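Have a look at the structure below before the remarks.
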Amino acid sequence: MILAFVEHEHGTPAETSLEALTFARRLADDAGGPVEAVAVGDEAGAVADALGEYGVETVHAVTHERFDAYAPEAWGASAAQLVDDLAPAAVVAPGTDRGHEVCAHLGAKRDLPMAANCIAVESAAAGEAWELTRNRWGGSLREHTRIDAETKLLTAAEHEFPVEPAGDGGAAADGGTVVDGGAATVVDFAPDLGDDHFRVRVDRVEESDVEGVPLGEARVVVGGGRGVGGPENYDQLEELADLLGGAVGASRAAVNEGWRPHDDQIGLTGAKISPDIYIACGISGAVQHMVGCKGAEAILAINTDPEAAIMQKGDYAVVGDLHEVVPALNDAIRDAQ
Amino acid sequence: MNVLACVKRVPDTGAKIVLTDDGQAIDTSNLGFTMSPHEECAVEEAIQVVEDHGGTATVMTLGPDAATEQLRTGLAMTADEATLLETDDGEWGPRATASAIADAIRAAAGDDGDGSPFDLLLFGNESADAANYQVGARVATELGLPCVAGIKTLDIEDGTAIAKREIAGGDEVYEVDLPAVVTVKEGINEPRYASMRAKMQARNTEVDRRDPDPGEHAGTLELVRLEAPADDDSEAELLGEGADAAPRIVEVLRDDVEVLG
């Protein structure tokens, strides 16, 4: 059995958790056995309505009087106790902050190995070591990894697996089971937890007062790197972003220069963006930057150096000084509007 | 207030990652090394906490002799002490790494071996290269300490860590009694540049060396080989040179990408 950890909001499963279920089903196809889910909180049972369609037969709804706020160690300990009962071949979590964290606590409590950010199944036969592919360096390298344990802990890298209902594609034609899409069965699970498990617990949530379009959600992102030359020169990029209803980002080099705040940083240790177009100005295209913008539908690079890496990796390129190209572009857009 | 910052030595990659012929590692013959970015911030945070509250800042790494370079970077940033858990070449997995760090912390606690000699134990949320997302939680569990992960704001008040994690639309706030493990993300602070004088002094600071103990663990997690994803060999379409390219860019934005009405 594969046990999938499902994050949800008031009983509606998160997109990334549905992606992880695709990974879980691929493992179950190889290893045999069902996919079951675990969800935490008072409304956990409600995910059962949605999960049947994704091949989940049973939802283990973990409830506790102190689960009104997220508590990573308590969630990890609950998962560990559930694993003791169910002995799944693997626990699969989404590659989110919480998915990684709960999995890490589970792994720590039961000394189980954990492979984070998996992107593909190579082999997952029952009773054998599994071979999987996972991301390193934010996806600019792939690692073929071998994991062997009574229960293997895995997270699914975000946006690497499609959200798809079970039984889609070849499964039925191959003679596999066609899932009828009905609701999964809910089984309640009451973990045995003490004060120590709640030493770390969300005390409160503070809402941010950031204005404008968040980088991660912007349809257009204008990025500025070392080639921008100074903080004042971002005005031109701000103007371009405003004209296109987008947001401004920066490379790590520009943030390290102190030209932009870290919140604007795109890359391995900053924001991951997925706009319709990313306009990269004066950015060389180092690996650590490119992993942050690989979700962009299109990349337009503006750079004085035609040999810059980003000029090869992008879809469109303009050879030139951004301080000339961007103002001319702003004028041309205003004329066109 | 004694603060520990654990760091990892990683290749300072440029525009393209090249692998060794056997696919077991990154070819570093033409690369320098650095600290993982989140961990550089852990070192800075450790130093700032000690500046505000007194005590010592210790930087620790598990790695080969060459990783003393990263420890000396931490010392030059004005950390007080450095510990190298010296390995032969080859990367240790997250469980062995965590056990070795926990073992070294217990050893530093002295003969009674009880509790943590550090009030605050800082890690990066995940390393830049392997990104296993678990060493902090495993060390915390081995030592019986609480662990808060993914932190971008940290304040210490009266023996309590007030730590914030970014979520969509705001911050989750945690309040945790020390001693505690906190894993941080880049952006929590701006790591300082070491002065030339500090770099010189760091060269002469003694690094404490220990033989790490990986512990015993059931099951395995092994690297089979690394692979660079296939290059996207489609050429970028050249839209023009200089300011003259503006009209063509507008066409692309309007007709191809459709972000212009």
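Each reported figure results from applying straightforward, stated rules to the coordinates on display, with no laboratory input. The model shown is predicted, which means the values in this text are computed figures rather than measured ones. No Cβ is skipped: glycine too gets one built from the backbone with ideal geometry, and neighbour counts run over all protein chains shown.
Treating the beta-carbon of each Lys and Arg as +1 and of each Asp and Glu as -1, no other charges, what is the dipole magnitude of the protein assembly as shown about its Cα centre, to the nearest 20 debye?
1020
Using a 10 Å cut-off on Cβ atoms, rank the peptides B:33-42, B:217-226 from the highest mean neighbour count down.
B:33-42, B:217-226
Taking amide hydrogens as modeled 1.01 Å from N in the peptide plane, which residues meet the under 5 Å criterion relative to A:Ala308, leaving out close sequence neighbours?
Correct list: empty.
Under 17 Å between alpha carbons, and skipping anything fewer than 8 positions from B:Lys8 in its own chain: which lysines qualify?
In chain and number order, the partners are B:Lys185.
Charges only on Cβ, +1 for Lys and Arg, -1 for Asp and Glu: so what's the dipole of region A:2-198 about the Cα centre, in debye to the nearest 20?
620
In region A:249-327, what GluC sites (Glu not before Pro) fall in a loop by DSSP, with at most 15 other Cβ atoms inside 10 Å?
Filter output for region A:249-327: A:Glu297, A:Glu307.
Would you calculate the convex hull of the Cα atoms in region A:182-337 and tell me its volume per residue in Å³?
199
Expressed as a whole percent, how much of the Cα-Cα distance distribution for the protein assembly as shown exceeds 35 Å?
When all Cα pairs of the protein assembly as shown are counted, 41 percent exceed 35 Å.
For B:Val135, what is the net charge nearby, where nearby means another residue's Cβ is under 12 Å from its Cβ and Lys, Arg count +1, Asp, Glu -1?
After counting each charged neighbour, the total is 0.
Note the angle between two axes, namely the Cα long axis of helix B:94-108 and the longest principal axis of the Cα atoms of chain B, as a number of degrees from 0 to 90, rounded to the nearest 10.
Between helix and principal axis, roughly 30 degrees.
Around B:Met1, with a cut-off of 9 angstrom between Cβ atoms, what is the net charge of the other residues, counting Lys and Arg +1 and Asp and Glu -1?
-2
When Lys and Arg each count +1 and Asp and Glu each count -1, what net charge do the other residues less than 13 Å away from B:Asn30, Cβ to Cβ, add up to?
Net charge in that neighbourhood comes out at -1.
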